[in-house]
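The values are calculated or read from the model by the stated rules, or taken from the named source; none is laboratory data. Bear in mind that the values here come from a model prediction, so they are computed numbers and not experimental data. All Cβ positions, glycine included, derive from the backbone under ideal geometry; neighbour counts span all protein chains shown. Just so you know, the surface numbers come from the protein's heavy atoms only, side chains and all, with ligands and any DNA or RNA stripped out. Shrake-Rupley method; radii C 1.70, N 1.55, O 1.52, S 1.80 Å.
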Amino acid sequence: MSLNDFLTLLTAATIGLSCAILGCFLVLRKVVMVGDAISHSVLPGIAIAYIVSANFNSSLLLIGAAIFGVITTLIIDFFHKKLKLQEDASIGITFTWLFALGVIIITLFTESNTDLDQDCVLFGELSSSFLDKIIMNDYLIGTRSFWMIFPVFLIIVIFVVRGFKGLLLISFNEEYAKSKGIHVSMWNLIFMSLVSITTVMSFESVGAVLVVGLLVIPPATAYILSNDLKKMIFIACGLTLLACILGFYFSILIDVSMSSMVIVTCGMLFFSVLAYEKLKKMLKSKK
Amino acid sequence: MKGKSSIEVHNLSVTYQNVPVLWDIDFSLPQGQIIGIVGPNGSGKSTLLKAIMDLVPISSGFVKIMDKSLGLVRDLVAYVPQRESVDWNFPASVEDVVMMGRYKKNKLFNRLTKIDKELVQEAIAKVKLEKYKDRQIAQLSGGQQQRVFIARALAQGADIYIMDEPFVGVDMATEKTILDLLILMKNEGKTIIIVHHDIQTVSNFFDYIVLLNTRLIAHGKTSETLTGENLQATYGGQLNLLTKIQTLIKAKDFPLREEGFEDK
Ligand SMILES: Nc1ncnc2c1ncn2[C@@H]1O[C@H](COP(=O)(O)OP(=O)(O)O)[C@@H](O)[C@H]1O
Ligand SMILES: [Mg+2]
């Protein structure tokens, strides 16, 4: 494996693991569509961040972009709970509107800013992430994509490990958590902020559409396979790593976009697991 | 202990989208008894519990628990939601769920202690689920799931237990386990408040009842409060049921479920 391959895989894995961990809670809390919405509605934030900062290294601005994701969840909540609009309609209105706004901002300003185009927004490209190396005192210390996502990954791990009880409580039974005086909306906000930051930080590499695949497919697969939350998270992570490695080699083999190939592999793993479980049940009932 | 009130509800009103679901409810409940909140479906029973637990916005009025506001005595009150309120396919074992009873607002980031774990095992034993403690909750019967919820409340070690329809969809064995447990808890001085809609079992289960249908119809000792008039006012037009009830009242104290009938 070449250094570039390694750097690409490292970025993919860090993004994938961040998504897998958060995704488990999205799946269990049945708010996958909110995650989808967030990944799209951060676009105007990202566009503005890129335009405002002439140099692209300003990660701080990108964290600002993540605010759009948080605002999205608040708007969805407002439409759904206060205005009594159906939840799916609230989600649909909010994120398509913001996403379209983002596309317009990009097309208007894209001439002066070639690094951001519509293809990249939608799909990203992992395999070019190694181009942007960070070298310090002659030592290669990784790629920019990696250093964008890595701190987020660390925060997610710490948050999930330390806040496991709170997350478990609000995921299983929000009302019960509230009855214990736990500040459910605060937990929600922090959690959704992490989802938001993750989508922003991984968007150059995997784009707004494909990141949803990473958030949903491995956790959904792990959900089928496990009857314990901790196991589910570990299985989701394992599947993600497997999909990253396989997807990487497949994409080289047939020369296609790596990010798409990783998601396709995730899907194939999902269907394999589904088929395996079905088969197991059939064999059992035959006995 | 008994003279003091466990829960006081003052002029409480709750509305959903301008439709009142609870209207000007005012009562105070004794301590150390098994109390039934009784009324037909949609009469606002669950909403009343949620209002007591501060889970729904209150339009007017207030609630006091042991003379204090809920925030100050939270650990003393255990809430058992309706069984259907959660997805039982959640990847958690019986033990995991009962353990939640030991989670505390201010200690959410601390590890659970040995004592916590012992209390959890004790609670599981009390509802007779030792054999199932490592099972995923999806693989339990309705009655067993209900017992998991009750064990979770027990593990909390509260003084007041607020349960929403714990007898719905449970088998006979579970009903008996729960009833025995409730009596045991009462003898330890605990207050148990139970939402219940099956009128036939009211006199067997409860020492004290609150009859509810959006408004407060009556409240007091079961023997004094369970009258034909009160039931008519609570259950209104549901005549079929009412005739049943009236015969039931006439035969007051008639043991509905004779000993030995239940099981074994
Ligand atoms: N979240 C809600 N939004 C709107 N209406 C509700 C909500 N929850 C309950 N209701 C309505 O309030 C009434 C009382 O409900 P509930 O307290 O659940 O009654 P019960 O528990 O006695 O069956 C019902 O008519 C129900 O349809
Ligand atoms: Mg109810």
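Which of the three applies to the stretch A:128-226, rounded, prolate or oblate, going by the alpha-carbon gyration tensor with a ≥ b ≥ c and a/c under 1.5 meaning rounded? Since a/c reaches 1.5 and a/b is larger than b/c, the shape of the stretch A:128-226 is classed as prolate. Rounded to whole Å, give me the distance from the Cα center of the stretch B:184-224 to that of the stretch B:72-143. Centre-to-centre (Cα) distance: 25 Å.
Among the protein heavy atoms of the protein assembly as shown, carbon and sulfur supply 61% of the accessible surface, probe 1.4 Å, non-protein parts ignored. With a Förster radius of 56 Å applied to the beta-carbon distance between A:PHE109 and A:TYR249, the computed FRET efficiency rounds to 0.90.
Entry note, the stretch A:156-287: relative contact order of 18 percent, from Cα contacts under 8 Å with a spacing of 6+ residues.
Just tell me which aspartates and glutamates come within less than 18 Å, Cα to Cα, of A:LYS30; anything on the same chain fewer than 8 places away is out. Filter leaves A:ASP77, A:GLU87, A:ASP88, A:GLU174, A:GLU175, A:ASP228, B:GLU84, B:ASP87.
Given their separation in residues at 0.36 nm each and the Cα-Cα distance between them, B:LEU72 and B:ASP87 gain 2.4 nm when the chain is fully extended.
In the stretch B:92-110, the residues whose accessible area drops by at least 50 square angstrom when the other protein chains are added to the isolated chain are B:MET100, B:TYR103, B:LYS105, B:LEU108, B:PHE109; the probe is 1.4 Å and only protein heavy atoms count. The dipole here belongs to the stretch B:11-115: it is taken about the Cα centre, uses +1 on the Cβ of Lys and Arg and -1 on the Cβ of Asp and Glu, and is about 500 debye. For B:MET172, the solvent-accessible surface with a 1.4 Å probe is about 80 Å², rounded to the nearest 10.
Computed over Cα pairs, the Kirkwood radius of the stretch A:3-208 leads via Stokes-Einstein (0.890 mPa s, 25 °C) to a diffusion coefficient of 138 µm² per second. Taking the chain by itself as reference, the stretch A:143-176 contains these residues with an accessible-area loss of 20 Å² or more in the full protein complex (1.4 Å probe, heavy atoms): A:ARG162, A:LYS165, A:LEU168, A:LEU169, A:PHE172, A:ASN173, A:GLU175, A:TYR176. Here is what passes the span test in chain A: the DSSP H helices with alpha carbon length of 18 Å or more along the helix axis and a Kyte-Doolittle mean of -1.0 or above are A:3-28, A:59-77, A:87-109, A:144-162, A:184-225, A:229-254, A:258-286.
Computed on the Cα trace of the protein assembly as shown, the radius of gyration divided by the Kirkwood hydrodynamic radius gives Rg/Rh = 1.06. Simple rule: put +1 on each Lys or Arg Cβ and -1 on each Asp or Glu Cβ in chain A, find the dipole, and look at A:ILE135, A:ILE149, A:CYS24; the Cα lying farthest toward the positive end is A:CYS24. Shown for chain B is the translational diffusion coefficient from the Stokes-Einstein equation, using the Kirkwood radius over Cα pairs, a temperature of 4 °C and a viscosity of 1.567 mPa s: 67 µm²/s.
Based on Cβ point charges of +1 for Lys and Arg and -1 for Asp and Glu, what charge dipole magnitude is obtained for the stretch B:23-71 about its Cα centre, in debye rounded to the nearest 20? Mind showing how you got there, number by number?
Details: 4 positive and 4 negative charges, 27 e Å.
I would put it at about 120 debye.
For the stretch A:1-30, the residues whose backbone nitrogen is under 15 Å from a point 7 Å from the Cα of A:PHE164, taken along Cα to Cβ, are A:21-22, A:25.
Checking the cross-link pairs B:LYS131/B:LYS190; A:LYS165/B:LYS104; A:LYS165/B:LYS114; A:LYS82/B:LYS64; B:LYS4/B:LYS68; B:LYS4/B:LYS176 against a 19 Å limit on the alpha carbon distance flags B:LYS131/B:LYS190; A:LYS82/B:LYS64; B:LYS4/B:LYS176 as lying beyond it.
Only the Cβ atoms of Lys and Arg (+1) and of Asp and Glu (-1) were treated as charged; on that basis the dipole of chain A about its Cα centre amounts to roughly 1720 debye.
Chains B and A together bury roughly 2700 Å² of accessible surface, counting both sides and using a 1.4 Å probe on protein heavy atoms. Give the accessible area for B:TRP23 in Å² (nearest 10); use a 1.4 Å probe, count only protein heavy atoms, and leave out ligands, DNA and RNA. The accessible area of B:TRP23 comes to roughly 110 Å². Taking Lys and Arg as +1 and Asp and Glu as -1, the other residues whose beta-carbon sits under 14 Å from that of B:VAL86 total -2.
Computed from phi, the 3J(HN,Hα) profile of the stretch B:4-18 under the Karplus parametrisation 6.51, -1.76, 1.60 (θ = phi - 60°) reads 6, 8, 7, 10, 10, 10, 10, 6, 7, 10, 10, 10, 10, 6, 6 Hz, with x in place of Gly and Pro.
Accessible-area loss of 20 Å² or more (1.4 Å probe, protein heavy atoms, chain alone versus all protein chains) is found in the stretch A:181-202 for A:GLY181, A:ILE182, A:TRP187. When restricted to Cα atoms, the stretch B:155-232 yields an Rg and a Dmax of 13.2, 40 Å, respectively. Counting only protein chain heavy atoms and rolling a 1.4 Å probe, the accessible areas of A:THR96, B:THR214 rank, largest first, as A:THR96, B:THR214. With an 8 Å Cα cut-off and a minimum separation of 6 or more residues, compute the relative contact order for the stretch B:5-252 in percent. Taking the mean separation of contacting Cα pairs over the length of the stretch B:5-252, I get 27 percent. A probe of 1.4 angstrom, applied to the heavy atoms of all protein chains, finds A:MET1 with accessible area near 140 square angstrom. Taking B:LYS131, A:LYS82 and ordering them by how much accessible surface each has at a 1.4 Å probe, largest first, produces B:LYS131, A:LYS82.
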